[in-house]
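Below is one structure, written out as structure tokens; the observations come after it.
The values are calculated or read from the model by the stated rules, or taken from the named source; none is laboratory data. All of these numbers come straight from a predicted model, not from anything done at the bench. Because the Cβ atoms are built from the backbone with ideal geometry, glycine has one as well, and the counts that use them run over all protein chains shown.
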Amino acid sequence: MKEADEERIAARLAKLMAMICVRNTGIENLHAGTVPVTYTGDFSDVFVTGADGRRMAWTQVSHMDDDAMRDLMRQIVDRLYTFHMNRDDPQFRDHLDRWLTISGTWDDPKLDEALLAAISPSEEPNEP
């Protein structure tokens, strides 16, 4: 297979998997709600006041606790697993075909240099 064809297929698959396995998960809860107004454009002028009265910069506030992060990652892993285990099922593929149109409008992916650097042979993986 030509390299251009491999890249095209990988790009379509990446966007489809992001749509099916990541987008419509608990990440939508992070996206939901009212977006604060920022005049600086980087949210450095937005603050949150905690129940204890402590004022925190929006850019420094965690928007997920450990349990929510764990739940989100489980959901994404389960969806990726389901995707891979059902990729040859005709009914599942028909469902995916419907989402290809939507995900096809997204920007084309590019190689993630930070990921490539993180998996270089000279480094051991770090568990977050």
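Data overview
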| read-out | value |
| --- | --- |
| Flag for Arg70 being of a type in the set (Lys, Arg), free of Cβ contacts under 8 Å to residues at least 60 places away in the same chain and exposed (fewer than 14 other Cβ atoms within 10 Å of the Cβ) | yes |
| Failed item, numbered, when Arg55 is tested on (1) touching a Ser or Thr at 6+ places or on another chain (Cβ under 9 Å); (2) surrounded by fewer than 11 Cβ atoms within 10 Å (Cβ to Cβ); (3) modelled with pLDDT under 95 | (3) |
| Test: Thr82 is among the hydroxyl-bearing types (Ser, Thr, Tyr) and touching a helix residue (DSSP H, G or I) at 6+ places or on another chain (Cβ under 9 Å) | yes |
| Criterion violated by Tyr81 - all others in (1) exposed (fewer than 13 other Cβ atoms within 10 Å of the Cβ); (2) among the hydroxyl-bearing types (Ser, Thr, Tyr); (3) within 19 Å of the chain's Cα centre (by Cα); (4) not in a helix (DSSP H, G or I) satisfied | (4) |
| Test result for Thr101, under 13 Å from Leu13 (Cα atoms) and not aliphatic (A, V, I, L, M) | yes |
| Residues being touching a residue at least 40 places away in the same chain (Cβ under 8 Å) and outside any helix (DSSP H, G or I) - total across region 84-107 | 2 |
| Set Ser62, Ser103: member being of a type in the set (S, T, N, Q) and under 30 Å from Ala4 (Cβ atoms) | Ser103 |
| Candidates Ile76, Ile9, filtered to the one that is surrounded by 13 or more Cβ atoms within 10 Å (Cβ to Cβ) and assigned to a helix (DSSP H, G or I) | Ile76 |
